[in-house]
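The values are calculated or read from the model by the stated rules, or taken from the named source; none is laboratory data. Quantities reported herein were computed from a predicted structural model and do not represent experimental measurements. Positions of Cβ are generated from backbone atoms using ideal geometry, with glycine treated the same way; all protein chains shown enter the neighbour counts. Note: areas computed on protein heavy atoms with side chains; ligands, DNA, RNA excluded. Shrake-Rupley method; radii C 1.70, N 1.55, O 1.52, S 1.80 Å.
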Protein chains: 2
Amino acid sequence: MKHLEHKKQFLCLSMKKYKSQENLPSEPTKSELEILQVLWEHGPSTVRFVNDKLNEQKREVNYMSTQKLMLIMLDKGFVTKDASQMTHVYEAAVDESKTKGYMLDKVVDNLFNGSASSLMMQLLGNKKISPEEMEEFKELIKKIDEKP
Amino acid sequence: MKHLEHKKQFLCLSMKKYKSQENLPSEPTKSELEILQVLWEHGPSTVRFVNDKLNEQKREVNYMSTQKLMLIMLDKGFVTKDASQMTHVYEAAVDESKTKGYMLDKVVDNLFNGSASSLMMQLLGNKKISPEEMEEFKELIKKIDEKP
DNA sequence: CTCAAGATAAGAAATTTTTCTTATTTTATT
DNA sequence: AATAAAATAAGAAAAATTTCTTATCTTGAG
């Protein structure tokens with residue numbers, strides 16, 4: 001779906017009952033995150049498209065559930081919406097890297113007591129790490145190490 | 001699910017409303033995880049002790065909330081309880097490393113599309129990583145690399 | 001012994017998150 | 001023009017999680 005490289009007059013609706021973006025980073029719930037992933041990966045999309053992706057890649061989700069959730073996310077400010085056409089087009093309004101970074105920090109804090117290296121340990125001790133990924137790790141470290 | 005193999009040597013109450021251990025891996029909720037952390041770090045503890053730790057280290061939590069939650073966790077099989085004394089002593093019934101590993105896997109899957117190296121990238125790109133931790137990383141990689 | 005302090009269990013209540021239902025509107029087709 | 005298909009918004013309902021309330025029991029100090 002070469003969907004939707006058009007119109008950019010997004011309106012940002014009121015933040016009634018949800019914490020504002022700037023102040024409190026009220027993080028996306030599990031389901032909201034699934035939706036964000038689709039939007040991040042595929043760019044601006046319709047509810048139909050997102051719902052299809054979820055059903056393909058994740059789990060069975062009812063169309064109306066997805067639709068409702070995306071409206072809520074609009075309200076929370078996680079997405080914006082282009083309503084110039086009949087089928088509205090949603091776009092992620094939060095940065096992928098920032099959001100993931102933030103949530104990863106939470107994991108580090110909550111699960112590993114703030115220690116990123118503990119997380120690393122756990123990750124490296126994990127059987128699921130392939131030799132290829134191991135190589136990637138080393139490359140990464142090397143690259144970052146040479147930088148400064 | 002494997003991370004939930006637990007022993008029921010103490011009294012284990014009926015599993016009325018919670019998914020049975022073997023079938024569904026109902027993972028600990030956020031609050032439950034906080035409690036598990038305390039138990040993992042300090043070993044078998046009373047509700048009072050756990051609650052105090054939470055209030056010191058995490059956030060304000062009511063004693064009865066902690067108590068109730070620990071009962072629920074008992075029911076779910078996340079903890080066991082020694083009730084031989086008046087003040088009961090709870091112990092984590094799920095393995096720390098296994099549980100964290102399992103939950104980290106979830107993060108890798110949900111947030112980074114199954115790619116552990118993506119997670120690494122995100123982590124290393126994070127400003128919060130100290131030079132010391134960077135050193136630890138390198139050590140880790142080296143160590144694991146020499147192993148096989 | 002009596003009673004206060006502090007522990008327990010269990011259910012109710014409140015919040016948060018997710019899913020379902022309903023009523024309308026728009027578009028396209030016959 | 002009539003109707004079917006597909007979209008929307010909004011509220012209700014259901015589920016999951018967290019917190020609060022109540023009633024009871026045990027221990028130990030006075």
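Observations on the structure shown:
- Qualifying residues in the stretch A:32-55 (those that are more than 14 Å from chain B (Cβ to nearest Cβ) and either open to solvent by 40 Å² or more (accessible area, probe 1.4 Å) or on the phi > 0 side of the Ramachandran plot (or both)) - the one nearest to DNA strand C (Cβ to nearest atom): A:Asn55
- Boolean, B:Gln67 is at pLDDT 90 or above, among the polar types (S, T, N, Q) and within 16 Å of A:Gly114 (Cα to Cα): no
- Taking the conditions (1) more than 25 Å from B:Lys30 (Cα to Cα); (2) free of Cβ contacts under 8 Å to residues at least 12 places away in the same chain in turn, A:Asn51 satisfies each one other than (2).
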